[in-house]
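Asks: Below are the structure tokens for one structure; questions will follow.
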Amino acid sequence: MGSKGAETRQRMVAATLASIERRGYYGAGLNQILADSGTPRGSLYFHFPGGKDELVAEAVRRAAAVVESVLADVDPSDPVGAVAAVLGAFGDRLEESGWECGCPIAAVALEVSGTHDPIQRACAEVFARWTESIRLGLVAAGRDDADDLASALLALIEGALLLAQAQRSRVPLERALRTARVLLG
């Protein structure tokens, strides 16, 4: 694939990510994605032969980079700092988007992972990577309970994001951070 093809593919993925962040899987219409990306319909099936599911799965994988970039910038042996950084980054995204853009992986997973295998696999892959990243930080911090605690912390973060979005408030994020401090204390 040439640079023009790669650019077209990237524009479609970016437009899909923007759409699923605000409207979820079912609200992300292909016609709107194509219009937003400035690409013809034929490009969709050329770059994503699996159609919308393949395109959304790729957008989910791209969205994972948000958390991964935040985690890359924190001291892995400081799990409280990592949780604070992730909650802060997502809280900022929520507020800046008018409370529309929470965690796109969770939004898509809740909506279609039971019925769309490619998307379920992409969501599971992302959550597994995030859990492993948290687990490695906990191991670096000397935690013997890193496996269970990593899953609990990810669940705490995701739940807090959902509540913050629904309540249009950072309070659930602040409470989640206080709870993480207790768990990690």
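The values are calculated or read from the model by the stated rules, or taken from the named source; none is laboratory data. As the structure is a prediction and not an experimental result, all values here were calculated from the model. We place every Cβ from the backbone using ideal geometry, glycine too, and count neighbours over all the protein chains shown.
Asks: Here are some conditions: (1) surrounded by fewer than 16 Cβ atoms within 10 Å (Cβ to Cβ); (2) modelled with pLDDT under 90; (3) closer than 21 Å to R22 by Cβ. V67 meets all but one. Which one does it not meet?
Replies: The single condition V67 does not satisfy is (1).
Asks: Just one of (1) exposed (fewer than 15 other Cβ atoms within 10 Å of the Cβ); (2) farther than 24 Å from Y25 by Cβ; (3) touching a Lys or Arg at 6+ places or on another chain (Cβ under 7 Å) trips up E100, so point out which.
Replies: (2)
Asks: Which count do you get for residues in the stretch 123-157 that are basic (K, R) and over 20 Å from the mean Cα position of the chain (by Cα)?
Replies: Qualifying residue count, the stretch 123-157: 1.
Asks: Let me ask something else about it. Given the stretch 1-59, what helices (runs of 4 or more DSSP H) lie entirely inside it while holding 1 or more residues that are among the hydroxyl-bearing types (S, T, Y), surrounded by fewer than 18 Cβ atoms within 10 Å (Cβ to Cβ) and touching a Ser or Thr at 6+ places or on another chain (Cβ under 9 Å)?
Replies: It comes to 41-47.
Asks: Now for a separate question. Quick one: what pairs do we get from the stretch 116-127, first residue touching a residue at least 40 places away in the same chain (Cβ under 8 Å), second among the polar types (S, T, N, Q), C-beta under 7 Å, 6+ apart or different chains?
Replies: Note: pairs meeting the criteria are I119/S113; C123/S113.
Asks: Same structure again: Quick one: what pairs do we get from the stretch 35-48, first residue within 14 Å of A6 (Cα to Cα) and without any contact (Cβ under 8 Å) to a residue 40 or more places away in the chain, second of a type outside the set (S, T, Y) and buried (at least 19 other Cβ atoms within 10 Å of the Cβ), C-beta under 6 Å, 6+ apart or different chains?
Replies: Every condition considered, the pairs that remain are S37/M12; S37/A15; T39/M12; F48/L55.
Asks: Would you say A124 is farther than 23 Å from A6 by Cα and modelled with pLDDT of 90 or more?
Replies: When the stated conditions are applied, A124 passes them.
Asks: Within the stretch 49-67, which residues are touching a Phe, Trp or Tyr at 6+ places or on another chain (Cβ under 8 Å) and touching a residue at least 40 places away in the same chain (Cβ under 8 Å)?
Replies: Answer for the stretch 49-67, where residues must be touching a Phe, Trp or Tyr at 6+ places or on another chain (Cβ under 8 Å) and touching a residue at least 40 places away in the same chain (Cβ under 8 Å): E54, L55, V56, E58, A64, V67.
Yes/no per residue for (1) within 14 Å of V67 (Cα to Cα); (2) surrounded by fewer than 18 Cβ atoms within 10 Å (Cβ to Cβ):
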| position | (1), (2) |
| --- | --- |
| T115 | no, yes |
| I119 | no, no |
| W130 | yes, no |
| I134 | yes, no |
| L138 | no, no |
| A150 | no, no |
| E158 | yes, no |
| S169 | no, yes |
| P172 | no, no |
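Asks: Limited to the stretch 89-110, what total is found for residues that are within 14 Å of the chain's Cα centre (by Cα) and in contact (Cβ under 8 Å) with a residue 24 or more places away in the chain?
Replies: The total comes to 13.
Asks: Within the stretch 19-39, count every residue that is within 17 Å of the chain's Cα centre (by Cα) and more than 14 Å from K52 (Cα to Cα).
Replies: Within the stretch 19-39, residues that are within 17 Å of the chain's Cα centre (by Cα) and more than 14 Å from K52 (Cα to Cα) number 3.
Asks: Give the residues of the stretch 82-97 that are among the small types (G, A, S), surrounded by fewer than 17 Cβ atoms within 10 Å (Cβ to Cβ) and more than 14 Å from A160 (Cβ to Cβ), sorted by residue number.
Replies: Passing the criteria: only S97.
Asks: I would also like to ask the following. What residue, of V74, V86, is among the β-branched types (V, I, T) and within 17 Å of the chain's Cα centre (by Cα)?
Replies: So the residue among V74, V86 that is among the β-branched types (V, I, T) and within 17 Å of the chain's Cα centre (by Cα) is V86.
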